[in-house]
1. Can you return the lysines within cross-link range of Lys61? Criterion is Cα-Cα under 22 Å, with same-chain partners fewer than 8 residues away left out.
2. When the Cα atoms of the range 96-152 are enclosed in a convex hull and the volume is divided per residue, what value in Å³ results?
3. For a 23 Å ceiling on Cα separation, which of these pairs sit above it: Lys134/Lys187; Lys84/Lys114; Lys116/Lys140; Lys133/Lys177?
4. Dividing the convex hull volume of the alpha carbon atoms of the range 84-204 by its residue count, what do you get in Å³ per residue?
5. Give me the one-decimal Kirkwood hydrodynamic radius in Å for the range 45-151, with the sum taken over alpha-carbon pairs.
6. In Å³ and rounded to a whole number, note down the convex hull volume per residue for the Cα atoms of the chain.
7. Throw me the Rg/Rh for the range 156-204, computed over C-alpha atoms with Kirkwood Rh, two decimals.
8. Antiparallel DSSP bridges in the chain: what percent, to the nearest 5?
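Nothing in this text is a laboratory measurement; each read-out follows from the coordinates by a stated rule. These numbers come from a predicted model, not from an experiment. All Cβ positions, glycine included, derive from the backbone under ideal geometry; neighbour counts span all protein chains shown.
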Amino acid sequence: MRNSYIKIENVTFTRNDKKIFPNISIDITHSQIINIFGPNGSGKTSFVRTVVGLSEPSTGKIKNTFEDETNNQIIFVGHKLGLKKDLTINENLRYCQEFYGLYNQDKIDDALHKFKIIESKNIPIKYLSQGQKKMVGLAKLMIVPFIIWVIDEPYTSLDTTSSNILNSVMKQHVSNKGVIIMTNHVKLQNQDLNIKNISILQNE
């Protein structure tokens, strides 16, 4: 039996006396892709923020098996991509690495090649389209050696080609025993990705 990377036990989240999402329990092990799906306002973002420690659950607990080893095991890419608009693509990714005490230009270039934005690496973020900005945000996943990727609605602003690139990146990550937790509006079915779909409403 595989050990859990993250163990979520009876977690709920309440705001202003309103339960945002009901009891959720999940054991997440290596090489898994978890898709938390549901409509707007159903609590998907609140859930993933709770998983990464940006919010406290109202009840239940979340156990990260890496918490005693290092904090550098989970990376979160949310709706706000955390990009500095006056810095270039390359400068933003270097800033991300240096935040974690790292710097490896080869990894940055590899990510830019993979996401097809290498030719724009010296363009400031403020001149990019929403789709290009999203690709830069997602490129952060490849430039730091984190095991668990948490992504809030990763396909938003991506066209079909960009979505296929993201699928390829995710497939490679889980093949290396990584874990992906993401949110979407709907269930996802992909022959190349073994996705476990979980409704945030717990009744679908």
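1. Result set, ordered by chain and number: Lys7, Lys18, Lys19, Lys44, Lys196.
2. Details: hull volume 5.5 nm³, N = 57.
Measuring per residue, one finds 97 Å³ for the Cα hull of the range 96-152.
3. Working: Lys134/Lys187 21 Å; Lys84/Lys114 21 Å; Lys116/Lys140 14 Å; Lys133/Lys177 27 Å.
Listed pairs above 23 Å: Lys133/Lys177.
4. On the way: hull volume 14.3 nm³, N = 121.
Taking only Cα atoms, the range 84-204 has a hull volume of 118 Å³ per residue.
5. Values: mean 1/r = 0.0676 Å⁻¹.
It is 14.8 Å.
6. Numbers: hull volume 27.0 nm³, N = 204.
About 132 Å³ per residue, rounded to a whole number.
7. Details: Rg = 11.9 Å, Rh = 12.2 Å.
Rounded to two decimals, Rg/Rh equals 0.98.
8. On the way: 14 of 34 bridges.
About 40 percent, rounded to the nearest 5.
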